[in-house]
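K.L.:
Okay, handing you the structure first.
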Amino acid sequence: MTPNSVAIVGAAETTRLGTIPDMSQIQLHADAALNAMADAGLKPADIDGVATAVETPQQIAHYLGITPSWVDGTSVGGCSFMIHVRHAAAAIASGLCKTVLVTHGESGKSRVGNPPRTVPPSSLAGQFEQPFGPMGPPSLFPIPVLRYMKTYGVTHEQIAMVAVVQREWAAKNPRATFRDPITVEDVLNSRMIAYPFRLLQCCLVTDGGGALILTSAERARDFPRKPVYILGTGESVETPMVSQMEDFTSSRAFRVAGPTAFREAGITHEDVDHLMIYDAFAHLPLYGLEDLGFVPRGEAGRFIAERNTAPGGKLPLNTNGGGLSYMHSGMYGMYALQESVRQMRGIAPAQVAGAKISVCHGVGGMFAASGTIIFGNERP
Amino acid sequence: MPEPARARPQPTPETQHFWDGTRAGELRLQRCDACAKVYFPPRPFCPACASRSVSVFAASGRGSLYSYVIHHRKVPGFTPPYAIAVVQLDEGPRMMSNITGCAQTPEALALDMPLEVAFEKLDDEITLPLFRPAKG
């Protein structure tokens, strides 16, 4: 993809976030999609491309009354939406379609109208992980953490600071679920979930949704909102089993997706004004900072503990409060993208003054997949 | 009412040799005849060089504790807290397992401690490869 050739012209979350028992999962998609279409001044007939995850493109297209000529049902976990943006940008740039709607909706807390998450007992994970007692992401995602801590001498206090700093960002955001300040002691005294991780190092469980609309940069100039341009994109997958990842101190999928996006954008780390790293659990920003090359290996814990990513720090990270404090419906990637778009539009609750480039990095499954999008707001 | 059991693996044609092995008291891995790569989980070809010429062999059953969590929530077949561990096998691959025969605490579960396989029969078909601290 040529940097700056495609732009986001519509972006919105569901009107409400949190506990939404009166909406089923597909309606959360629709609520966000209708908000995004209103944001862009478009109707369903104006959309000719649909991308979504978990729900299928045919479900979303039919429900919203869209007749697409391009669809993408990539469903690789919470970073699926970064990958949809990448695929949509390529599709628009090559003329397969003109205007793409990417939707996410998830009744993660109320669990209304969502399919159950099951691991088939004949799958490799069903045979070689499930019999040993994992139960969902909180029991699996932190499995590499002790190896990472031992390898680099990272402390429990440093990882606790991830949650403390993100709560500081959340305090600035009226839509964040948790806004009261917390301390390292609060984190390390919260209920044990899966040692070494306690409750405040695990994401929220909420209901919500979000949607994005993309079109060519040329057409984007005619839309009501300030266009947010796509400068670079990357994606990869590694393994559906966390026990089989190559390196427990680093994600191979991160190391492919991140640098691919930086190369495509033609930028350096010094150019980045704002950063989102999908934080389903407190170690993910550490892996992300290192695997994307923002800090040397083993340095991310110290970097965060020294407040470099906190309000007032040199690298504002997860400025909506993140999955730890803002919201997390299960597939958080869409909310990270929404915050990058808000920052690039200049309308974020915790706006980074003068921000011109935002990097948005997602994870899917338990280090199974990754997608990175680099946004810019300067007209090409 | 019987206690709910832990998740039971369902072997496939490609993994049957592994489950036949644990039932016979062997931890069976595969080695590529072409490039000598030892790999896990089972499949009838080499994930490093794509050769279909691979051999099943009985591993030593020895390894070390690579990483783990101690899970504190209730799961059918388990009494929390219990460790969900990844074992570094001496032959190279890693596999998920549980650690038996020692306290399920950070103090008792030191990373890199030597382990040996301890087979636990689930039923007539399935025996699971668990691990315990190595003797001596």
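The values are calculated or read from the model by the stated rules, or taken from the named source; none is laboratory data. Since this is a predicted model, take the numbers as computed values, not measurements. Positions of Cβ are generated from backbone atoms using ideal geometry, with glycine treated the same way; all protein chains shown enter the neighbour counts. Please note that ligands, DNA and RNA were not included when accessible areas were found on the heavy atoms of the full protein model with its side chains. Shrake-Rupley method; radii C 1.70, N 1.55, O 1.52, S 1.80 Å.
K.L.:
Keeping every protein chain present and rolling a 1.4 Å probe, give me the accessible area per residue for the protein assembly as shown in Å².
P.N.:
Computed with neighbouring chains in place, this is 37 Å² per residue.
K.L.:
In 5 Å bins starting at 0, how do the alpha-carbon pair distances of the range B:16-133 split up by percent?
P.N.:
2, 12, 20, 21, 18, 15, 8, 4, 2, 0
K.L.:
Calculate the FRET efficiency for residue B:108 and residue A:297 from the Cβ-Cβ distance with a Förster distance of 30 Å, rounded to the nearest 0.05.
P.N.:
Working from the Cβ atoms, E equals 0.55.
K.L.:
Calculate for the protein assembly as shown the 222 nm mean residue ellipticity that helices alone would give, adding -39,500 (n - 2.57) per DSSP H run of length 4 or more and normalising by residue count, nearest 500 deg cm²/dmol. Kindly include the intermediate steps, with their values, before the conclusion.
P.N.:
On the way: 15 runs with 133 residues, N = 516.
Calculated at 222 nm, the ellipticity per residue is -7000 deg cm²/dmol.
K.L.:
Quick one: helix A:25-40 against the long Cα principal axis of chain A, what's the angle to the nearest 10°, folded into 0 to 90?
P.N.:
Compared with the principal axis, the helix lies near 60 degrees.
K.L.:
Something else about it: Summarise the accessible area of chain A (1.4 Å probe, protein heavy atoms) by the percent that is carbon and sulfur.
P.N.:
Carbon and sulfur together cover 53 percent of it.
K.L.:
Give, in nm to one decimal, the length gained when the segment between residue A:62 and residue A:150 is fully stretched (0.36 nm per residue of separation minus the Cα-Cα distance).
P.N.:
So the extension gain works out to 26.6 nm.
K.L.:
Computed from the mean reciprocal separation of all distinct C-alpha pairs, what Kirkwood hydrodynamic radius does chain A have, in Å? Present the calculation step by step, with values, prior to reporting the outcome.
P.N.:
Details: mean 1/r = 0.0491 Å⁻¹.
The Cα-based Kirkwood calculation yields 20.4 Å.
K.L.:
Hey, another quick one. Which of the trypsin sites (Lys or Arg not before Pro) across the range B:56-104 are loop residues per DSSP, with 14 or fewer other Cβ within 10 Å?
P.N.:
For trypsin sites (Lys or Arg not before Pro) across the range B:56-104 that sit outside H, G, I, E and B with at most 14 neighbouring Cβ atoms in 10 Å, the list reads B:74.
K.L.:
Helix A:156-170 sits at what angle to the longest principal axis of chain A, using alpha carbons and giving 0 to 90 degrees rounded to 10?
P.N.:
So the helix axis and the longest Cα principal axis differ by about 30 degrees.
K.L.:
OK, next. Could you tell me how many degrees, from 0 to 90 and to the nearest 10, lie between the Cα long axis of helix A:252-265 and the main elongation axis, the longest principal axis, of the Cα atoms of chain A?
P.N.:
Orientation of helix A:252-265: about 40 degrees from the principal axis.
K.L.:
Average partner chain C-beta neighbours within 10 Å, per residue of B:5-15? Display every interim value, and only then the final one.
P.N.:
Numbers: counts 1, 4, 11, 5, 11, 6, 3, 5, 0, 1, 4.
Rounded to a whole number, the mean comes out at 5.
K.L.:
Take the alpha-carbon centre of the range B:95-136, take the same for the range B:57-79, and report the distance between them in whole Å.
P.N.:
Centre-to-centre distance over Cα atoms comes out at 6 Å.
K.L.:
About the Cα centre, and with charges only on the beta carbon of Lys, Arg (+1) and Asp, Glu (-1), how big is the dipole of chain B? Nearest 20 debye, please.
P.N.:
With only Lys, Arg, Asp and Glu charged at Cβ, the dipole is about 220 debye.
K.L.:
Starting from the Cα of residue A:16, step 7 Å along the direction of its Cβ; do the same at residue B:57; then give the gap between the two resulting points in nm.
P.N.:
6.2 nm
K.L.:
Considering chain A as a Gaussian network with a 10 Å cut-off on Cα pairs, which listed residue, A:66, A:143, A:347, attains the greatest mean-square fluctuation?
P.N.:
Evaluated over chain A, the most mobile residue of the options is A:347.
K.L.:
Determine, from the Cβ-Cβ distance of residue A:218 and residue B:16 and an R0 of 56 Å, the FRET efficiency 1/(1 + (r/R0)^6), rounded to the nearest 0.05. Don't skip to the answer; put the middle values down first.
P.N.:
Working: r = 58 Å, r/R0 = 1.03.
My answer for the efficiency is 0.45.
K.L.:
Can you give me the % of accessible surface on the range B:16-133 that is carbon or sulfur? Probe 1.4 Å, all protein chains present, nothing else counted. Walk me through the intermediate numbers first.
P.N.:
Values: 2440 of 5010 Å².
Carbon with sulfur: 49 percent of the solvent-accessible area.
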